[in-house]
């Protein structure tokens, strides 16, 4: 297999935000998958095993925290880095129950795109 293009799964319920992230990542040469909710996100992550997951915290149905917990505990996805985007403050109580070594939190603000790309570089998803 000669395709070395890395894949990122975006789990985001806002079509506008998802498209914005997709265009940003595709401009960087990444292959992008999209799931509109947590259940579909878990399914796609387990089937496709992307190089990273960009996960919204606030999702319909199951929350981003619940998705992250499932992905961190499942053998097919426990090594996939997770980047959580949130407009909420991330508190210690929320972090206590999560395997933080594979989760990065990025606030949804004017710097989010820049921080996301830098985080993907540090994770070696972007070269």
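The values are calculated or read from the model by the stated rules, or taken from the named source; none is laboratory data. Everything quoted here is computed from the prediction, not taken from an experiment. We place every Cβ from the backbone using ideal geometry, glycine too, and count neighbours over all the protein chains shown.
Among the residues of the range 9-20, the one identified as crowded, with 19+ Cβ neighbours inside 10 Å and free of Cβ contacts under 8 Å to residues at least 40 places away in the same chain is 18. Taken over the range 40-62, the residue count meeting the criterion of being within 21 Å of residue 5 (Cα to Cα), surrounded by 15 or more Cβ atoms within 10 Å (Cβ to Cβ) and free of Cβ contacts under 8 Å to residues at least 40 places away in the same chain is 4.
For the range 26-39, does any single residue satisfy the condition of being free of Cβ contacts under 8 Å to residues at least 24 places away in the same chain and closer than 22 Å to residue 87 by Cα? Reasoning before the result, please.
Restricting attention to the range 26-39, the residues satisfying the condition of being free of Cβ contacts under 8 Å to residues at least 24 places away in the same chain are 26-27, 39.
Going one step further and asking which of them are closer than 22 Å to residue 87 by Cα, we end up with 39.
The answer is yes; a qualifying residue exists.
Elements of the type helices (runs of 4 or more DSSP H) sitting completely within the range 28-104 and holding at least 3 residues that are under 28 Å from residue 127 (Cβ atoms) and modelled with pLDDT under 95: these cover 64-73. Put simply, of 119, 114 the only residue that is part of a helix (DSSP H, G or I), modelled with pLDDT of 85 or more and touching a strand residue (DSSP E or B) at 6+ places or on another chain (Cβ under 6 Å) is 119.
Say we look at the range 5-27 and pick out the residues that are in a loop (DSSP other than H, G, I, E, B) and within 20 Å of residue 47 (Cβ to Cβ); which of these is modelled with the lowest pLDDT? Spell out the reasoning first.
Filtering the range 5-27 for residues in a loop (DSSP other than H, G, I, E, B) gives 5-6, 12-14.
Subset that is within 20 Å of residue 47 (Cβ to Cβ): 5-6, 12-13.
Details: 5: 90, 6: 96, 12: 96, 13: 95.
Restricting to residues being in a loop (DSSP other than H, G, I, E, B) and within 20 Å of residue 47 (Cβ to Cβ), the top hit is 5.
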